[in-house]
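Beneath this line is the structure, given in structure tokens, with notes to follow.
Quick note: the coordinates plus some simple rules give every number you see, no bench work behind them. Bear in mind that the values here come from a model prediction, so they are computed numbers and not experimental data. Cβ: placed from backbone, ideal geometry, glycine included. Neighbour counts: every protein chain shown.
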Amino acid sequence: MYRSLQLALAFVTSLLASEVILRFFRKRKTNQITKSKITRILEVMDKEMLARNARKPPEIWNQVIFFPDDTTWFDPSLPGGKPTAELLSYFENSKLCIQICLYLSSLREFTDVILQKRQEGLCIQVITDYDTLTQHNNFCVKAFIRKGIPVRAKNTGTLMHNKFIIIDDEAVVTGSLNYTKQAVSKNSENVVVTTDQRIVVKYKEEFRIIWKTCEDVDMSIFR
């Protein structure tokens with residue numbers, strides 16, 4: 001009887017030991033796979049960051065621009081700093097898409113750049129405020145609609161007061177600036193340009209949310 005108990009205990013102990021050893025190796029294998037996956041993810045992220053930096057060098061695409069523009073910036077013969085030209089250069093250097101979310105836009109030079117990008121085949125989306133669209137000089141938006149660029153707004157009785165533009169899903173241009181001649185030539189304004197993906201991803205999500213809640217507008221709204 002005693003011998004039988006010994007054998008049974010040894011058998012159970014052996015089973016338990018085998019299970020412990022098996023779990024140990026399973027855990028080590030899982031850890032190795034996890035580390036391997038993490039390493040691959042980090043490698044992909046590094047490659048993506050290098051590619052993004054090649055397209056949009058951080059020293060250029062992480063800037064602050066202040067207004068007013070104290071030069072007649074639209075006359076290239078005049079010397080001096082040209083903050084408006086610097087701002088427009090970011091849109092001129094876009095390659096894939098431009099998502100515009102602006103309260104008010106009537107700056108003709110901005111309109112020209114966006115229409116040129118549309119002609120080059122870039123995807124353009126525009127969100128604007130309903131009241132400014134119908135009651136103010138929203139020259140840019142009218143030009144966009146005429147050229148078939150999708151424009152959305154929503155008559156909610158509250159302001160869509162955002163002023164940000166996403167470029168190529170990789171950079172955000174944002175700040176206090178409305179894209180008007182008054183703002184760039186006379187007002188004290190600021191614009192921040194960044195490729196920090198912690199920030200960019202939040203603006204992309206906000207644009208998606210606003211876009212879904214707005215409705216398409218066309219030229220009939222101005223009649």
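The figures follow:
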read-out: Tail weight of P(r) past 24 Å, computed on alpha-carbon pairs of the range 60-194, percent; value: 25
read-out: FRET efficiency, C123 to V201 (Cβ-Cβ, R0 25 Å, nearest 0.05); value: 0.85
read-out: Set K142/K204; K37/K95; K186/K212; K37/K117 screened for pairs whose C-alpha atoms are more than 30 Å apart; value: K37/K95; K186/K212; K37/K117
read-out: Residues F222 and R55, FRET efficiency given R0 of 45 Å [Cβ-Cβ distance, rounded to 0.05]; value: 0.75
read-out: Potential extension, N62-L159 segment - 0.36 nm per residue separation minus Cα distance; value: 32.1 nm
read-out: HN-Hα J in Hz across the range 184-198 - Karplus 6.51, -1.76, 1.60, θ = phi - 60°, x for Gly and Pro; value: 6, 9, 10, 7, 7, 9, 9, 9, 10, 10, 8, 10, 5, 5, 5
read-out: Extension gain from H136 to K186, taking 0.36 nm per residue of separation minus the Cα-Cα distance; value: 16.1 nm
read-out: Sites matching trypsin sites (Lys or Arg not before Pro) across the range 96-171 that sit in DSSP coil, with at most 13 neighbouring C-beta atoms within 10 Å; value: K147
read-out: Computed label-point distance, nm, for sites S176 and W211 using a 7 Å Cα→Cβ extension; value: 3.0
